[in-house]
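Working notes, structure below.
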Amino acid sequence: MKAKLDGVLTGVHYMDGDQAACEGALAAGCRYIAGYPITPSTETVERFAQRIPCVGGIFMQMEDEIASSIAIQGAVWGGAKAMTVTSGPGFSLMMEHIGYAIMTETPCVFVDVQRGGPSTGLPTMPSQSDLMQARWGSHGDYDLIALCPNSPQECFDLMICAFNFSERFRIPVMFMMDECIGHMTEKVVIPHPDDIEITPRRYTAKRPQDYLLYGPCDDLVPEMPEIGKGYHFHITGLTHDERGYPDMTVDAQHRLIHRLIHKIKNYKNGIVMVEADDLDNAEVVVLSFGITSRIADRAIIDAKNSGIKTGKIRLKTIWPFPDELVKNVSQKARAIVVPEINAGQIVREVERAATDRCRIISVPHYGGGVHRVETIYDAIIEGAKVE
Amino acid sequence: MSKEKHPLSDYLREDRMPHMWCPGCGIGIAVSAFLNALKQSRYGQDDVVLVSGIGCAGRVAGYVKLDSFHTTHGRAIPFAEGLKAASPKTKVVVFSGEGDLMSIGGNHFIHAGRKNMSITILCVNNLNYAMTGGQVSPTTPAKAITATAPFGSFCQPFNLPFIAEAAGAVYVARWTVFHVRQLQKAILEAIHKKGMSFVEIISPCPTLYERRNQMGTALSRMNFYRENTVIKNGASTKDAVMDLDKPFIVGKFVDDDSKLTYLEAMNEYYDTTFSCDANYHTYTGSKI
Amino acid sequence: MTKEIRISGFGGQGVILTAYIIGKAASLYDGKESSLIQSFGPEARGSSCSAQLIISDEKILYPYIAGTDILVAMSQSALAKFFSEVKKDGVVIYENELVDAKNISTLGIPATRLSEEEFGKSFYSNVIMVGYITAVTGIIKLGSAEEAVRTSVPSHTVENNLKALETGYNFAKNHA
């Protein structure tokens, strides 16, 4: 289906990533945000609070991030598309409710505008150090989708993907921005609603007597019931059977967790989004994401000018991770260089997928700024050396 | 052999019986009072959702034949607020225990009162954390023995009606599960109030609290409720303290829903602010 | 061609809006690329305030400025803090009644006083500065600056802001 006219600010704008993320959410049909103020994410909810009365929705500033992260799920079951927006410390508080959304299959979006950590860390400076937290932060086993934009334009574009994925798979989608992208102002083109494809909620058309709350479709995703329509359904964070009733058995746990993981795993190829250039003959490949990918692009240009065949992988989806692509690259390239604004998180995934087939060079940065171009360039030069 | 129909069978998930509550527990009485009130109310079965947290009372959501949500520990209220905001026509009832609502969820409770979200909160207070084995709860009376206060609790407990009133609840009542009819009437009143309404339901926990404190059986506890409660409608909530083995007051303490609810206040405010804006419409919900 | 611009001053002087208008004019109306980053140092929510703006004919990759082609100092501390970043052939533009920079620059404008004289308040000093920057650097076209002002300020202030833009622009022309 197409986007609704009233939420889409069609035109060419000059806005920052936080604001573009808000416009993306509105275009995607988000009509409910619950949030708690935290730098550097606040601009998103501030814009939403300003825009929403005339779009037809509601913003609620909650007492904390824990409340925000569950209020959005109440809103989703109340019929809205909803998201919450935060940064590191708030994201830490939200972890339990990522698990609740996974377990209850509640489609929603969590935005984390990453800042330096741990703890209060660097409130006003960038970082990419919450990526493992996004993947593994809630207890238990699960799979989910995390997206990582590298410009204000992409904050808009990928936000629509985030909502569409959340509805398609009935999962919480992590939208992993960083302070630099959030506070960066650039040109943002917002298309006409007719050019924005929206995934509708998978409401069931079955009658209550024919309907099973967690009876999955062929793609392992169950249809959702609407409240107040006689389904009298029961939602719980406990391990449950297909009726939604608690079932604390090994068997029920196995069936449920297996399905929750495989509804993502089986469709990984349709989820993973990467930007890949010059991989075929590359001596060195740089794998990066978010703001770091722009610094990497500069280093790649410089390396090419120095005569090194340099390829590029830019992750738009951090999770699921493109194992196959990295594996293929590792069979041909001499080295994969992984710059990231953390102590080395995604490089572990690269190592796992490459399994010693080529050299992996981690280029960590502890946060508060971005890499120097030269640092990444030097790593490319190092990777090009024949051992 | 013909099977007699339970009078509340339309409102109960009978395929989930027997329930998990202990013999002598008061939660079942509280559920009956709620469902009987619901049957008497102006709400149909599809007009109401029930939201619970975690704990013994948190399991209520699993047994009622309503759209029902068993949420995370302490977070039933913010879940309920989000649902109410998205779907204002839905009657949202939170049914949970005092550990869930007043300890881990205590901050949400007072802020729901401040916002005056139109939800009804039914709080079963059994004076201890029951599901985890009887630890100190925010209402455990001083000197009462629990699993984590083996020599008696040395903290003063919360007085829930007092907190509810201070937070801004439009309706505050307390009854025990002995006072079945009054309780049912209070719930019936509470669910028809606009704004945050609150009913505290004092219940025995014979397996843990009463046993540890040598207070006898559930039946003797019911006798205690009969003999040691003073019905005092309109009493100051300050006087609603509960001391160990001392008489305490029950009744309706606050009943005034004249102030604007969150959504009413928002609409009244924005109707004026955006009176000249053609794109603005009074908010009626945000269903897709 | 790439120009790296630093605009800095006190909170409340409209520093960010100054950078926003110039960046928007370049990006939306001059057909160039531009990328603006508000600097949030630990002190940024307090008194001092700064923005980094890059305008280029090419795609902008590295988001921060490496050296400054144009420094706009609306306060003395801004000049002190950022003067060392200015490239050899870079220019320094300053509020010449708030900042003492006479020994290093001739590009001074009393934007605050001009605003007070024309509008009775200092409110428009930032857009006067935009007009002045437009005139002395040619970094954006005047028409684009006008369009960016028109689409960036509250509607009831458009007229005054356009007048302010002209004031700054004319000041440069008259004091060349």
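Over region C:2-174, the pair-distance histogram of Cα-Cα distances with 5 Å bins from zero comes to 2, 9, 19, 24, 23, 15, 7, 1, 0 percent, rounded to whole numbers.
Here the simple spin-label model places points 7 Å from the Cα toward Cβ, and for B:MET17 and A:LYS206 these points are separated by 2.6 nm.
Taking the square roots of 5 times each eigenvalue of the Cα gyration tensor of region A:5-195, largest first, gives ellipsoid semi-axes of 22, 19, 15 Å. Heavy-atom accessible area buried between chains C and A is around 1800 Å² (1.4 Å probe, both sides summed). Counting only protein heavy atoms and a 1.4 Å probe, tell me what percentage of chain A's accessible area is made up of carbon and sulfur. Here carbon and sulfur together make up 50 percent of the probe-accessible area.
Dividing the mean sequence gap of close Cα pairs (under 8 Å, 6+ apart) by how many residues region C:2-174 holds gives a relative contact order of 22 percent.
Amide H to amide H, with H built 1.01 Å from N, A:MET224 comes under 5 Å of A:ARG202, A:TYR203, A:THR204, counting only residues 5 or more places away or on other chains.
Over region A:275-384, Cα pairs under 8 Å with separation of 6+ residues give a relative contact order of 33 percent. Across region B:179-188, computed HN-Hα scalar couplings (Karplus, 6.51 cos²θ - 1.76 cosθ + 1.60, θ = phi - 60°) run 8, 4, 5, 5, 4, 4, 5, 5, 5, 4 Hz from first to last residue, x flagging Gly and Pro.
Under 20 Å between alpha carbons, and skipping anything fewer than 8 positions from A:LYS229 in its own chain: which lysines qualify? Within the straight-line cut-off, A:LYS229 pairs with A:LYS81, A:LYS206, B:LYS39, B:LYS65, B:LYS84, B:LYS89, B:LYS91, B:LYS287. Rolling a 1.4 Å probe across the protein heavy atoms gives the protein assembly as shown an accessible surface of 38 Å² per residue. With the simple spin-label model, which puts each label point 7 Å out from Cα in the Cβ direction, the C:ARG113 to C:THR2 separation comes to 3.9 nm.
Checking every one of the chymotrypsin sites (Phe, Trp or Tyr not before Pro) in region B:81-175 against DSSP loop status and a limit of 15 other Cβ atoms within 10 Å picks out B:PHE151, B:PHE154.
Legend: helices of chain A (whole DSSP H runs) are marked when their alpha-carbon atoms reach 18 angstrom or more along the helix axis and their mean Kyte-Doolittle hydropathy is at least -1.0; marked are A:65-77, A:88-104, A:152-169, A:250-265, A:290-305.
Between chain B and chain A, the total buried accessible area stands at approximately 3700 Å², from heavy atoms with a 1.4 Å probe.
Which is the longest stretch in chain C that no exposed loop site breaks, taking sites as GluC sites (Glu not before Pro) with a DSSP loop state and at most 16 other Cβ atoms within 10 Å? Please list the in-between numbers first.
Numbers: sites that count: C:GLU43, C:GLU58, C:GLU97.
Answer - C:98-176.
When the alpha carbon coordinates of region A:194-248 are projected onto the principal axes, the ranges are 46, 23, 20 Å, largest first. The residues of region C:54-75 listed by number as losing at least 40 Å² of accessible area in the complex, against the isolated chain and with a 1.4 Å probe, are C:LEU61, C:TYR62, C:PRO63, C:TYR64.
Based on Cα coordinates alone, diagonalise the gyration tensor for region A:79-132, multiply each eigenvalue by 5, take square roots, and list the semi-axes in whole Å, largest first.
Values: eigenvalues 112, 26, 13 Å².
Largest first, region A:79-132 gives 24, 11, 8 Å.
The modelled label-to-label distance between B:SER236 and B:ASP10, using points 7 Å beyond Cα along the C-beta direction, is 4.6 nm. Taking amide H as placed 1.01 Å from N in the peptide plane, the amide H of A:ILE360 sits under 5 Å from that of A:ILE336, each at least 5 places away or on another chain. Using R0 = 51 Å, the C-beta based FRET efficiency linking A:ASP219 and A:TYR366 works out to 0.80. Across chain B, the relative contact order, built from alpha-carbon pairs under 8 Å that are at least six residues apart, equals 18 percent. Normalised by 2.2 N^0.38 Å, with N the number of residues, the alpha-carbon radius of gyration of the protein assembly as shown equals 1.08. Gyration tensor analysis over the Cα atoms of region A:275-384 returns equivalent ellipsoid semi-axes of 18, 17, 12 Å (largest first, whole Å).
Students often get this wrong: which residues of region C:87-127 have the backbone nitrogen under 15 Å from the point 7 angstrom along Cα-to-C-beta of C:THR157? Output list for this probe position: C:112, C:115-116, C:119-127.
Would you compute the Debye intensity of chain B from its alpha-carbon atoms alone, equal scatterers and no solvent, and pass along log10 I(q)/I(0) at q = 0.11, 0.14, 0.16 Å⁻¹ to two decimals? Once normalised to I(0) and log-transformed, intensities are -0.62, -0.97, -1.26. Calculate log10 I(q)/I(0) of chain A for q = 0.09, 0.12 Å⁻¹, where I(q) comes from the Debye formula with a single equal point scatterer on each Cα and nothing for solvent. Taking Cα atoms of chain A as identical point scatterers yields -0.52, -0.91.
In order along region A:183-200, the Karplus-derived 3J(HN,Hα) couplings, from 6.51 cos²θ - 1.76 cosθ + 1.60 at θ = phi - 60°, round to 9, 9, 9, 8, 5, 10, 9, 9, x, 6, x, 5, 9, 10, 8, 10, 7, x Hz, and Gly and Pro are given as x.
Over region B:119-237, with every protein chain in place, what whole percent of the accessible area is carbon and sulfur at 1.4 Å, could you tell me?
59 percent
For region B:105-110, the Karplus equation 6.51 cos²θ - 1.76 cosθ + 1.60, evaluated at θ = phi - 60°, returns couplings of x, x, 5, 5, 4, 5 Hz by residue, with Gly and Pro reported as x.
The values are calculated or read from the model by the stated rules, or taken from the named source; none is laboratory data. Treat the numbers as computed from the prediction; the structure is a model and nothing was measured. Positions of Cβ are backbone-derived with ideal geometry, glycine not excepted, and every protein chain shown enters the neighbour counts. We work out accessible area using only protein heavy atoms, side chains counted, and drop any ligands, DNA or RNA first. Shrake-Rupley method; radii C 1.70, N 1.55, O 1.52, S 1.80 Å.
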